[in-house]
Amino acid sequence: MKLRAKLTLGSVALATVLVTVISAVGLGNLMQLQFKNTLERAELIKSAATDAVIDTLNRKRSVKLEDALQEPTLTSQLVALLASYKPILEISLVSAERNEILASTQGKDRVGAIASFPDFAPLVLNGSFLQQANVLLRKEPYKLDQPVGPGGVTELYVRVVVDPALIRDYLKPSFETSANIAVFSIAGAVLITFLASALAFRPLGRISHMLDLVARGEYESEKASPADRGDELSVIASKVGILGQRLRGAQDEASGLRGNIDRLLADLEDAVFLFNRDRELVLASGSVGKFHSGDRGSHTGKTLGELFPPTTTLGDLLDHAVTTGNSIRNRRVPFGVPPVVMISVDIVDRSGFVVRLRDPEAQRKLNRQLQTADRLTAISRISGGVAHEVKNPLNAILLHVEVARAKLARGDNDVGPEMEIISREILRLDRVVRTFLDFSRPVELKLANMAVHELVGELVDLARPQAAAANIQILTKEDSDGAEVRVDRDLMKQAVLNVVVNAMQAMPEGGELRFESAVNGEMVEIRVTDTGGGIPEQLREKIFRLYFSTKTKGSGIGLAMTFRIVQLHDGTIDFTSEPGKGTCFLIRLPIAV
């Protein structure tokens, strides 16, 4: 439905509602006024009937009450009062003790009957509009009672019975007149609204035509007549022309910018797809040919479902990410050719989303180069400890060679002790060099997928006996949500156990050892936290150095080995420590596909 039709129908509906509401309020006021008038007339009739009854009883003191009330003069007076107002249905005299009718304007057949009706006054004074309207539609009488008796003792009631249904006869002419006025008012309002909308929307139709021309790039400034030069719509038309020119300029700039972006992305190894919020492809650039056949331009305008069908794993993942508005970072997904792709999705608020596809083989080449650089850095970092361990035996060997040389120069051939020390230091040096060679030798990883909670559970089981012996309480918090990591099970357990053993040794008086696992983005985090004395500030840079140890009998190999194993799994290890409160080691590993 067009906006013009919606506005016209809305105006008509509004006018209809207003007229209907005003008419309903008027009819409601008229109805309530009639109810109050009925109550007033009924009260007057009740008072007159009471006076007539009292006068009759005063004259007939010697006669029995029931007989006095049947006196013909009284009956004539009550019938006359009944006839004076049509909504009064009955005037009866009711026994206060038995609630039994003693006399009635409807004849002797009503004598002896028991009649109970609701009170009319509360309905009129406190009843709502809907309650009174509902009463008009029913045939339920209401009453007004007046007690009568000597000395304040009630012997009987003068009861005036009102039939609200008879009030309709008084209201019917007013209702019909008001209904006719309302119908004519609604018809007039509809007619006036249609005429006003036709006059008001005619200039808007001209502006709509001008906007269509702007959208097609065919707009030309419309010449305004001298009579229309000061018209607001003419001013709007002029501004529409200026807007069209600016839009054409912006379109040219956008085309140039798009060309520049396309040239910038053309040499990327990634394929970049830009979709609008209607899931239609706006731009495809980069290495699109690796993932889709055909020219990049031929894909423009296609929907996300056409390029990546939801029946495939990749299409289903993209549809879910766009529907939920969740971005994706470097997720491995089965594809075809290549067999696996790395996918990233960036949601742009109110504009659309960007999909990036990457061949993991190219990523692996770059990763191998980065890993080589990282390992060289790690070897340089670790070699600091090796240099220290090698320098000590070399100094000892050099010192005792000089001592032996001095003895031989004096003719003293007893150089056995020096040779013994030199031999021992050479063995020590050989052990240091072999350890370093073993440490730096390439490791063949036996990778397999392993649930994070399973890995943490095995570590807890291995640490529990030693922790129980050292009065250490083990706490766990699993929040990995079934995530898996691809690791060498034995090497990874060895790496984390090195951290666990150090944590327990840092709590000789007992404490708490906490294992935590969680998922953060595309990585799994495993935390091992102790409540020991913490690591001094001056020692924190040396923690992962080979042969560095603060323990008397420590080898200084454990944490260096942990550092290397985590690095071989494309992970990271770091720690935070607070003196006197403990240390927390954080191991981050990529989630397995």
Sort through LEU27, LEU78, LEU44, LEU33 and tell me the only one that's free of Cβ contacts under 8 Å to residues at least 60 places away in the same chain and within 30 Å of SER185 (Cα to Cα).
LEU33
Residue identified as closer than 17 Å to THR562 by Cα, buried (at least 18 other Cβ atoms within 10 Å of the Cβ) and of a type in the set (A, V, I, L, M) among VAL452, VAL499
VAL499
Given the criteria surrounded by 16 or more Cβ atoms within 10 Å (Cβ to Cβ) and over 37 Å from the mean Cα position of the chain (by Cα), does VAL487 qualify?
no
Any idea which of (1) under 42 Å from the mean Cα position of the chain (by Cα); (2) outside any helix (DSSP H, G or I) is the one PRO508 doesn't satisfy?
(1)
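For the range 473-488, does any single residue satisfy the condition of being within 16 Å of ILE565 (Cα to Cα), of a type in the set (A, V, I, L, M, F, W, C), in the same structural domain as ASP570 (by TED's automatic domain parsing) and at pLDDT 85 or above? Can you show your working first?
Filtering the range 473-488 down to residues within 16 Å of ILE565 (Cα to Cα) leaves 485-488.
With of a type in the set (A, V, I, L, M, F, W, C) added as a condition, the list becomes 485, 487.
Then keep just the ones that are in the same structural domain as ASP570 (by TED's automatic domain parsing); that gives 485, 487.
With the extra rule that they be at pLDDT 85 or above, the set shrinks to 485, 487.
Yes; the residues of the range 473-488 include at least one that is within 16 Å of ILE565 (Cα to Cα), of a type in the set (A, V, I, L, M, F, W, C), in the same structural domain as ASP570 (by TED's automatic domain parsing) and at pLDDT 85 or above.
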Within the range 562-593, restricting to residues that are of a type in the set (Val, Ile, Thr) and out of contact with any helix residue (DSSP H, G or I) (no Cβ under 8 Å at 6 or more places or on another chain), the one that is modelled with the highest pLDDT is THR576
Going by the conditions given, is ILE186 surrounded by 11 or more Cβ atoms within 10 Å (Cβ to Cβ), touching a helix residue (DSSP H, G or I) at 6+ places or on another chain (Cβ under 7 Å) and not assigned by TED's automatic domain parsing to the domain that holds ALA15?
yes
Of the conditions (1) at pLDDT below 80; (2) loosely packed, with under 13 Cβ neighbours inside 10 Å; (3) more than 24 Å from ASP570 (Cβ to Cβ), the single one that THR311 does not satisfy is (1)
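The values are calculated or read from the model by the stated rules, or taken from the named source; none is laboratory data. Every value quoted in this text rests on a predicted model; they were computed, and no experiment measured them. Cβ sites come from the backbone with ideal geometry, for glycine too, and all protein chains shown count toward neighbours.
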